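Here the structure is laid out as structure tokens; the discussion comes afterwards.
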């Protein structure tokens, strides 16, 4: 389903009064309050404040191909419409989900005729552009390159991963961020005051803490906050004086449960798990628990979480605390057995344990160093004394000859060459259990070195 934008209805500046009245009666509040100019647009100052590249390009009418990337409700469609209005271009909208090649060809043909006959440019806005297949993308590329249309794509997915590479290379990419609470408050106050497009024709006494709640719980989605305000305005009984009291309790009821921005197969999915693992690695149990809670709230697959915990236990904690991998593996088995909601408990236990454990990535670094040696260096032959000797004729080849069985020696250790070359891959740390491991390894290596010296003599 195509993403709805921040303010879902088009609002031209020169719209007739009768049409505006009809929109006021039928369109959602978020649609009616759609900003029509850069002056009305709130948020995204990191790309739109005076002097920034996108702002300069809009004001100079030097817009080429753009891709707006960000979560729902951040104003991607709105900004595209403002650009079309500001540059006096025809605004055409297609959906990456619903539009087909035939519709694309019709729009592009119309744009070409319009440019040739009137000189008026066309802004082609494609919602959910990452959904377009290769055939659809190939159709539009020549027209984009030739300047027939000014392409503006919108997506909630990272375009570097989900949008066709040739199109990405021909576009400027701007990331839109969740709208801040102060900016959402501005939109709410604007809607409360506007008698034509907003709910200013209704007597509403809005408590400050109620508006703060709508701004906070919307999670950076202005559309959600405005729609919740409209529900409150239309469903809350008025008092004797005809005034609607928008209290905190009313606001909580209208916006209900916080909708956490989280997509099961997109950026939020991978960004959240990334923050989760990095918080564990950074020994911050509170941050790790928050990211875990976000994934649980969003209904993440517990197996996805537990697999990452097992990887973290081996990669980030390793031999500093060997029990970490045991606990992570147990949490995986337990969470898979009990399922949600109880799975949160073993997953939380493992998360806290891993976040507070001693850290060492020595094993991870060691195996990568060994792999690099195998892949890029010369192949090291197996020393003859280590080769398999359990077959007839092995002795004739000296296979297994002079092998020393470690268990026959004191401390179950004997100095002998196990690699054939002088290479060190494992560098133990002094963290936790690995401190004792380091002492043993260094002692054994010193005995190996001494034995090689004696053999050399």
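Nothing in this text is a laboratory measurement; each read-out follows from the coordinates by a stated rule. Since this is a predicted model, take the numbers as computed values, not measurements. Note that we place each Cβ from the backbone using ideal geometry, even for glycine, and neighbour counts take in every protein chain shown.
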Please arrange 156, 74 by how many other C-beta atoms lie within 10 Å of their C-beta, fewest to most. 156, 74
Enumerate the residues in the stretch 80-116 having an amide nitrogen under 11 Å from the point lying 7 Å beyond the Cα of residue 40 toward its Cβ. 82
Mind giving me the FRET efficiency for residue 234 and residue 307? R0 is 45 Å, r the Cβ-Cβ distance, nearest 0.05 is fine. 0.45
Based only on other Cβ atoms within 10 Å, what is the fewest-to-most ordering of 162, 413, 276? 413, 162, 276
If you bin every alpha carbon distance in the stretch 313-382 into 10 Å steps from zero, what whole percent lands in each bin? 21, 33, 24, 15, 7, 1
Counting only helical runs of four or more DSSP H residues, what would the 222 nm mean residue ellipticity of the chain come to if each run contributes -39,500 (n - 2.57) and the total is spread over all its residues? -15000 deg cm²/dmol
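If I stretch the segment between residue 274 and residue 120 completely, what's the gain in nm (0.36 nm per residue apart, minus their alpha carbon distance), one decimal? Please list the in-between numbers first.
On the way: separation 154, 0.36 × 154 = 55.44 nm, distance 4.60 nm.
Between residue 274 and residue 120, full extension yields 50.8 nm more.
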Over the alpha-carbon set of the chain, divide Rg by the Kirkwood Rh and report the Rg/Rh ratio to two decimals. 1.16
Over the alpha-carbon set of the stretch 35-175, work out the extent along each principal axis and list the three values in angstrom, largest first. 38, 37, 24
Nearest 0.05, what FRET efficiency do residue 212 and residue 336 give at R0 = 45 Å with Cβ-Cβ as r? 0.65
Using only the Cα atoms of the stretch 152-241, what semi-axes does the equivalent ellipsoid have when each is the square root of 5 times a gyration tensor eigenvalue? Give whole Å, largest first. 37, 13, 11
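Taking 0.36 nm per intervening residue step and subtracting the Cα-Cα distance, what contour gain separates residue 384 from residue 425 on full extension?
Result: 12.6 nm gained on full extension.
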Give me the Å³ per residue figure for the convex hull around the C-alpha atoms of the stretch 267-356. 70 Å³
At q = 0.14 1/Å the base-10 log of I(q)/I(0) from the Debye formula over the alpha-carbon atoms of the stretch 97-194 is -0.64
For the stretch 346-448, the Kirkwood Rh over every pair of distinct alpha carbons, in Å, works out to 17.0 Å
Taking R0 as 45 Å, what FRET efficiency do you get between residue 440 and residue 175 from their Cβ-Cβ distance, rounded to the nearest 0.05? 0.35
How much length, in nm to one decimal, is gained on full extension between residue 365 and residue 406, taken as 0.36 nm per residue of separation minus their Cα-Cα distance? 12.0 nm
Rank these for me by crowding, 452, 423, 359, going from fewest to most other beta carbons within 10 Å. 423, 452, 359
So what's the gap between the Cα centers of the stretch 99-123 and the stretch 395-454, to the nearest angstrom? 74 Å
